[in-house]
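Asker: One structure, pasted below without further comment.
The values are calculated or read from the model by the stated rules, or taken from the named source; none is laboratory data. Only a predicted model underlies this, so the values are computations on that prediction, with no experimental measurement involved. All Cβ positions, even for glycine, are placed from backbone atoms using ideal geometry, and neighbour counts span all protein chains on display. All accessible areas refer to the heavy atoms of the entire protein, side chains included, with ligands and DNA or RNA removed. Shrake-Rupley method; radii C 1.70, N 1.55, O 1.52, S 1.80 Å.
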Amino acid sequence: MIKQEIDVAVIGGGPAGLATAIKAKEAGVDNVTIIERADYLGGLLHQCIHNGFGLFYFNEDMTGPQYAHRFIEKAMDTGVDSMLKSMVLKILPNRSVVVSNREGISYLNPKTIILTMGCRERTRESLRIPGTRPAGVFTAGTAQRYVNLDGYIPGKEVVIMGSGDIGMIMARRLTLEGVNVKAVVEVLPYVGGLIRNEVQCLHDFDIPIYLKHTVTNIHGPERINAVSIAEVDDKWQPIEGTEQKIDCDTLLLSVGLIPENELSRDLGIELDPITGGPVVNSRMETSVQGVFAGGNVVHVHDLVDNVTWEAEQAGAFAASFAQDGPPPATPDITLRAGENIRYTLPHKISREGGVTIYARVMEPQIKVRLELGDIYSKNKKIVKPSEMIKIELSEDDIKNIDEKNNKLVLDCKSRE
Amino acid sequence: MNKNIEADVLIIGGGVAGAAIARELSKYKIDTLLIEKSADVSMGISKTAHGYLYTGSEMVYSKILKSRGKKGGPNFDDSHSKSLIESFPIAHDLLHQLDVPHQHAGSVIITKTEKEFPLLEEIGKHAKEMHAFDKDAVRMIDQKTLREIEPNITPDAIGALYDPECILDMFPQEFVFALVDNAKENGVKMQMETEALGFSQENGTQVVKTNKGYIKTKFIINATGLSADSVADLAGARDDWEFTFTRHQIALYDKRLNGLVKNHIRTIPQGGLLNLVSPMHEGNLCSSCGPKDVIKDRWDLSTSKKSFDLMVYGANELVPSLSEKDIIATFVGNTVSNSRDAHIVEPSKKNPNFINVVLRMPGFTPSPLVAAWVVDLLGEQGLKLEEKTHFNPTRKGIPKFAELSNEEKDKLIEEDPRYGHVICRCETVTEGEIIEAIKRGATTVQGIQFRTRAAMGRCQSGFCGPKLIKILSDELGIPATEVTKKGGDSRILLYRSKELLKEA
């Protein structure tokens, strides 16, 4: 059994893990090690062969693999260490990280841990879609892996449940492979993902989308042979008499991502039930001192550029912690979600320095004004739950918050 | 693929009955062949059975349950009850011999009304008579004690019958795999995806036509579960018994909820509605609720929204804090009841060398005893029973990496580095275990799943699915497009890249 003392352990080597490790290394930390279960760094970026990555971070339009490689190269250049094909089994209370790989069991003893485990896809089973349990039902991300990395097409008559980004991307991808994508079925009255994808994936390819519909039954004894869909009411309940059957040999599910926080639970980290991820402060530190987090494990992002920036924050502060220990405690300001806001991040803001605030609205709304206490106000034409709101607050902005005020609320108010 | 095979005994059916009989026969110098129509063993009733071993109040409860509505109520003196009592210690012993992980559990039958107290007391009385463990521990408990033992139980429960140790929880398929592994090690041949299509006689030998050729055999054991009546009919060997079928639905909860209840919680079945919440051996809570109606189509394994809702409602009636959000999987099992309401283990009157074996529920507990009965019957019918000198009664299961200590893990990895490579991260299942599962007969994703727990976690094979397909493809030497979920038509990946564009 190998025991290793290191400075920073980064759990997960996807875009968040790469960005955070590079930043920590650039800040001068001696040993930064990424522990990654695949045999390559870059995570899910490798299967995202479509473009749209790096538009903001690099000012370039790249594919997922291209974006990944920029960071993989930089990680190698800056001297980031990595353990590939290695699985973190557990994080012990004393912060020791237990890793398994073909060499055996290792105990890493880091000064700081950064959690960048990403998320998993919501499954058919957790949606409890009635019917049989045949082959041919996939989550969209898994299907994307089969198509883009392994070289297989799951089926040729496909129905997609959910109009999240992954679902729409796969609708286009499969169409380009000769598949008949017969329908995208979305329970909300509007498309779930980015407007860009709605246009470039569905409209441009004439793929029918059934809004306010859901899959009510899966048919087929061994391989799926049809789905039943029905219109839903405002409570998402199927409306009797609206059921129709669509023959298909494949069902893809794009019905949500869930931050993967099993290891966070090991440490007793406080989780936010709305985001599914850790409660964090503006240093991206969790409720356990010296444990930081960034990327999709904290909350589900839509743009990888933001994942990178957020993870860099975590890396910078984790490096400080590793080098100098915890900073002096300061009374933080609590950030709260107000009118039509589903969640805001980080949960606590430091009075020192600036901060980037991320938020999502609950319902789509037009002609709104975003108000953050009395220190920030911005008009927006349209806000959607699928498009994350990003607010940059400078050091001065924060200094303008009254000393006696330890709470800040973000509201999304109608201008009409 | 064999065109013509010969055997002394042909067992048709690879569920718990067939597997137990195979293992029993493997003690003797007999050429035994087991055929199974699915791609793997334990794919019928045994796949979705609760599959516990019962004694005490659990045994009594299951008898009451399965005799619901019968005139005169359950008979605790009949051959079935006697078989449960006699077989329990034999089955328990087998769990140790065959390395089947199990845990001792208790039963709490709750009631919300004093009117049910006499019935609970009656159950308690019979439970003491049929107990393999501590019968004196069986007792009625009041609300206060109930709250202490099970703090998360519904506050509406005013009392319960508590039997602290009457269940051996195990994963039912593991029991079947263990019997099969041991039978094979002791010389029994097994062939999957082989279905009996026709029966004839030739010079005193029975000839079975299958989709993979002909099998000549002296004796046939019909242990085909849901199909036993139709297989018997095909062979002209059905006597006076009929089947009816019932369905139950099971939900599995996220591992986070482990410890929410410690015992098997149930109520007295009312108006056809049956509720159960219990911890499974692996830790996952499961609930089985809803009506166990008689169904028409024994092969219909679909769930419905109505049955989901009933199940969620039923589970909440027992444990209010159970949220449907925590359900990670649900499935349906169909089971069979027969018109004699007893085990049917007898040579057919129409063909004495054709032995029908139909287990009356619960089937796992009596299976080893029934297997011994079958061997006795074969002896009576003229089969020479000479014991093997080198019969190996023990079997070691596939190592469970996730349950080993870190030192044990390290040692295992040193012996075989594939045990260090975690494939299913939700359940921490390694490549070593998966390869071993394939060595022991898994040829499908479910075959791996049920032998190792891979693909059974919260992401439901989202991440490990592609890896399982690759490993199966490599180990079995088949293209990835031929890999199935559960045999038959259940291929997972239908086409290779660009194949559909060529068609255009």
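Asker: In chain A, what % of DSSP beta bridges are antiparallel (nearest 5)?
Answerer: Beta bridges within chain A, antiparallel portion: roughly 55 percent.
Asker: To the nearest 20 Debye, how big is the dipole of chain B about its Cα centre, given +1 on the beta carbon of each Lys and Arg and -1 on that of each Asp and Glu? Mind showing how you got there, number by number?
Answerer: Working: 64 positive and 69 negative charges, 230 e Å.
I would put it at about 1100 debye.
Asker: What is the sum of charges around B:Thr481, taking Lys and Arg as +1, Asp and Glu as -1, for the other residues whose C-beta is under 10 Å from the C-beta of B:Thr481?
Answerer: Numbers: positive: B:Arg491, B:Arg496; negative: B:Glu482, B:Glu499.
Neighbour charge sum, excluding B:Thr481 itself: 0.
Asker: At a 1.4 Å probe, which residues in the range A:150-189 are at least 50 Å² less accessible with all protein chains present than in their chain isolated?
Answerer: When all protein chains are present, A:Tyr152, A:Ile153, A:Lys156, A:Glu177 each give up 50 Å² or more of accessible surface.
Asker: What is the percent carbon and sulfur in the accessible area of the range B:269-369, measuring with a 1.4 Å probe over the protein chains and ignoring ligands?
Answerer: Answer for the range B:269-369 is 56 percent, counting heavy atoms of protein chains only.
Asker: Expressed as a whole number of Å, what is the distance separating the alpha-carbon centroids of the range A:289-336 and the range B:229-283?
Answerer: Here the answer is 49 Å between Cα centres.
Asker: Only four residue types carry charge here, +1 at the Cβ of Lys and Arg and -1 at the Cβ of Asp and Glu. Report the dipole size of the range A:1-157 about the Cα centre in Debye, rounded to the nearest 20.
Answerer: 700
Asker: Please report the buried accessible area for the interface of B with A, total over both chains, probe 1.4 Å, in Å² to the nearest 100. Mind showing how you got there, number by number?
Answerer: Working: alone 22140 and 19170 Å², together 36690 Å².
Chains B and A together bury roughly 4600 Å² of accessible area.
Asker: Let me ask something else about it. Could you please state, rounded to a whole Å, how far the C-alpha centre of the range B:300-369 is from the C-alpha centre of the range A:179-230?
Answerer: 36
Asker: Given a 1.4 Å probe, how much area per residue of the protein assembly as shown is accessible, in Å²?
Answerer: Value for the protein assembly as shown: 40 Å² per residue.
Asker: On to the next question. Report B:Trp373's accessible area, 1.4 Å probe, all protein chains in place, as a number in Å² to the nearest 10.
Answerer: Estimated to the nearest 10 Å², B:Trp373 gives 90 Å².
Asker: Pairing the Cα long axis of helix A:15-26 with the longest principal axis of chain A, what angle in degrees results, from 0 to 90 and rounded to the nearest 10?
Answerer: 20
Asker: If you don't mind, another one. Over 18 Å between Cα atoms, which of A:Lys156/B:Lys498; B:Lys189/B:Lys439; B:Lys262/B:Lys400; A:Lys85/B:Lys255; B:Lys63/B:Lys125; B:Lys409/B:Lys485 qualify?
Answerer: Beyond 18 Å: B:Lys262/B:Lys400; A:Lys85/B:Lys255; B:Lys409/B:Lys485.
Asker: Place the peptides A:401-414, A:130-143 in order of packing, highest mean first, counting for every residue the other Cβ atoms within 10 Å and averaging per peptide.
Answerer: Top of the packing list down: A:130-143, A:401-414.
Asker: To test your reading of the geometry: what angle, between 0 and 90 degrees and rounded to tens, separates the Cα axis of helix A:64-78 from the longest principal axis of chain A?
Answerer: Long axis of A:64-78 versus the principal axis of chain A: about 20 degrees.
Asker: Carbon-plus-sulfur fraction of the accessible area of chain A, 1.4 Å probe, in percent?
Answerer: 48
Asker: Can you give me the % of accessible surface on the range B:10-61 that is carbon or sulfur? Probe 1.4 Å, all protein chains present, nothing else counted.
Answerer: 44
Asker: So, with +1 on the Cβ of K and R and -1 on the Cβ of D and E, and no other charges, what is the size of the charge dipole of chain A about its Cα centre, to the nearest 20 debye?
Answerer: I would put it at about 480 debye.
Asker: Placing +1 on the Cβ of each Lys and Arg and -1 on the Cβ of each Asp and Glu in the protein assembly as shown, which of B:Val294, A:Pro65, A:Asn340 has its Cα farthest towards the positive end of the resulting dipole?
Answerer: It is B:Val294, whose Cα lies furthest towards the positive end.
Asker: Per residue of A:256-262, what is the mean number of Cβ atoms on other protein chains within 10 angstrom of that residue's Cβ?
Answerer: 2
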